[in-house]
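Report on the structure given below.
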Amino acid sequence: MYKKTAVDASVSKIRFLIITVFLLIFIFGIFYFLNKAELKVKNKTAGINSFEECKKAGQPVMESYPRKCAVNGKTFTENLSQDQINQLSPRPEDQLKNFCGDGICQQVACLAIGCPKPETKESCPKDCK
């Protein structure tokens with residue numbers, strides 16, 4: 001039978017230490033490269049100050065209206081044109097119904113949705129004579 005000697009015990013300790021050191025180097029290496037990759041992304045997105053810049057940088061755009069883009073803890077909202085804003089909230093006078101041609105001169109009208117547009121001789125000569 002083989003007996004363990006003091007040399008065998010010290011070889012086992014050395015083997016354990018070598019494996020431990022290599023594992024620690026490997027783990028620290030992984031953290032180093034992950035941190036380096038994260039810093040690259042932060043540097044790439046550091047100068048973003050608008051929705052368009054955020055979108056061009058390839059950041060995800062939220063499916064909302066208006067659209068939004070988030071990067072580095074900041075959220076940027078897409079700028080809308082005046083036409084797009086008007087579509088979101090139309091003016092009350094744009095929601096009035098045009099009854100020109102019904103034979104009645106609608107001179108006085110309300111401003112609620114579905115009310116007739118006020119008619120004059122100029123705007124509806126058929127009804128207002």
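Explain nothing, just the number: dipole magnitude of region 48-89 about its Cα centre with +1 on each Lys and Arg Cβ and -1 on each Asp and Glu Cβ, in debye rounded to the nearest 20.
The dipole magnitude comes to about 160 debye.
Applying the Karplus parametrisation 6.51 cos²θ - 1.76 cosθ + 1.60 with θ = phi - 60° to the phi angles of region 97-103, what ³J(HN,Hα) value in whole Hz is obtained for each residue in order, glycine and proline being reported as x?
8, 8, 9, 4, x, 8, x
Under 13 Å from the Cβ of Gly103, count the other residues' Cβ atoms, weight Lys and Arg +1, Asp and Glu -1, and hand me the total.
Combined, the nearby Lys, Arg, Asp and Glu give -1.
Every number in this text was worked out from the coordinates using simple rules, so none of it is lab data. What you see is a predicted model, and the numbers here were worked out from it, not measured in a lab. A quick note on method: Cβ atoms are made from the backbone with ideal geometry, for glycine too, and the neighbour counts reach across all protein chains shown.
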